[in-house]
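J.: Have a look at the structure that comes next, please.
The values are calculated or read from the model by the stated rules, or taken from the named source; none is laboratory data. Given the structure is predicted, the values throughout are model-derived calculations rather than measurements. Here the Cβ positions follow ideal geometry from the backbone for every residue, glycine too, while neighbour counts run over all protein chains shown. These accessible areas exclude ligands, DNA and RNA; they are computed on the full protein's heavy atoms, side chains included. Shrake-Rupley method; radii C 1.70, N 1.55, O 1.52, S 1.80 Å.
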Amino acid sequence: MAWFKRKEKGIQTKTEEKKDTPKGLWYKSPTGKIVEAEELANNFYVSPEDDYHVRIGSNEYFSILFDDNKYKELDPNLTSKDPLKFEDTKKYTDRLKQAQEKTGLKDAVRTAVGKSKGEKLVIACMDFAFIGGSMGSVVGEKIARAIDYSLKNKIPFMMISKSGGARMMEAALSLMQLAKTSAKLAQLAEAKIPYISLCTDPTTGGTTASYAMLGDINIAEPGALIGFAGPRVVKEATGKDLPDGFQTAEFVLEHGFLDFIVHRRDLKDRVNLYIDLVTNQPYRA
């Protein structure tokens, strides 16, 4: 039975002839559902069986929101410095370089302007892949400059938050970005230019304490983790068991901190609907 018994012993395959299983062909959701990567992309990076919204970055959000994925990136070469000469298990400069090489990003936020359903929109989108989407000086500066662009050109502004909070390697300089971005958003409100805030998984720490919750309309993706401190920290601090679904988008909506939860496939239509309603413009179908 040659099918089951090896006739020749000592068979070896040269290293260069060995074949690996290609990575990225399938995605497994937290509930165990498996979906092909191509099908996932065609479904707005949402698992079709369990509706799980996969974490995506600025490239994917820009492709979803901008018409024909055409946009102009603002301040693309702004990068972080190390004024505090911070070092923990490794130097901050080395950590930045490593993150840039791994992700192909300059920092944890990208800003761009383009047309969405035929009208211009400025979007600032955070990338969790870059040091956990942490908010440092460059993140605050790029958001502030994007808001300035909206003010100058009278274009609606959208912020997509996905962050673990302030960047500890920049200490107080990072915390200053909360006040800086909040002040810029106050100027936007004074000029009566719409601001839509989208909270995605996760939106925590300093982002929640500043721009993520300051939108004219605050929306979120289904199941997103939204809060200041994480559930484990809250439980340890209060000494109490937390309710089911604590800090999920649905829980936060129920307690009045969000206006809507929006499925990713409807994101482009709903964002532009909100802008049309806020600006009292005819609805763009």
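J.: For Arg265 and Lys85, what does the FRET efficiency come to when R0 = 45 Å and r is the distance between their Cβ atoms, rounded to the nearest 0.05?
T.: Working: r = 46 Å, r/R0 = 1.03.
Efficiency computed from Cβ-Cβ geometry: 0.45.
J.: Rounded to the nearest percent, how much of the accessible area of the chain (1.4 Å probe, protein heavy atoms only) is carbon and sulfur? Mind showing how you got there, number by number?
T.: Details: 8450 of 16130 Å².
After summing per-atom areas, the C and S share lands at 52 percent.
J.: Moving on to the next point. Please report the antiparallel percentage of the DSSP beta bridges confined to the chain, to the nearest 5.
T.: Taking every DSSP beta bridge with both residues in the chain, the antiparallel ones total about 50 percent.
J.: Another one. How much area per residue is accessible in the chain when the probe is 1.4 Å and only protein heavy atoms are counted (Å²)?
T.: 57 Å²
J.: For the chain, what is the charge dipole size about the Cα centre, in debye to the nearest 20, if Lys and Arg each add +1 at the Cβ and Asp and Glu each add -1 at the Cβ?
T.: Working: 42 positive and 39 negative charges, 200 e Å.
Using only the charged Cβ atoms, the result is roughly 960 debye.
J.: Using a 10 angstrom cutoff on alpha carbons, build the Gaussian network for the chain and name the most mobile of Ala224, Ala171, Ala249.
T.: Most flexible of the set in this elastic network: Ala171.
J.: Exceeding 20 Å between C-alpha atoms, which entries from my cross-link table qualify? They are Lys180/Lys235; Lys72/Lys115; Lys142/Lys268; Lys120/Lys180.
T.: Working: Lys180/Lys235 31 Å; Lys72/Lys115 10 Å; Lys142/Lys268 23 Å; Lys120/Lys180 25 Å.
Table pairs above 20 Å Cα-Cα are Lys180/Lys235; Lys142/Lys268; Lys120/Lys180.
J.: How far is helix 92-103 tilted, in degrees, relative to the longest principal axis of the Cα atoms in the chain, given as a value from 0 to 90 rounded to the nearest 10?
T.: Once rounded, the angle reads 70 degrees.
J.: Turning to a different aspect of this structure: Return the label of the correct value of Rg and Dmax of the Cα atoms in Å, as calculated from the structure shown, out of (1) 18.2, 63; (2) 23.5, 75; (3) 22.0, 83.
T.: Given (1) 18.2, 63; (2) 23.5, 75; (3) 22.0, 83, the calculated one carries the label (3).
J.: Return the aspartates and glutamates within reach of Lys162: Cα separation strictly under 16 angstrom, same-chain partners fewer than 8 residues apart disregarded; answer none if there are no such residues.
T.: Glu60, Asp107, Asp127, Asp201, Glu221
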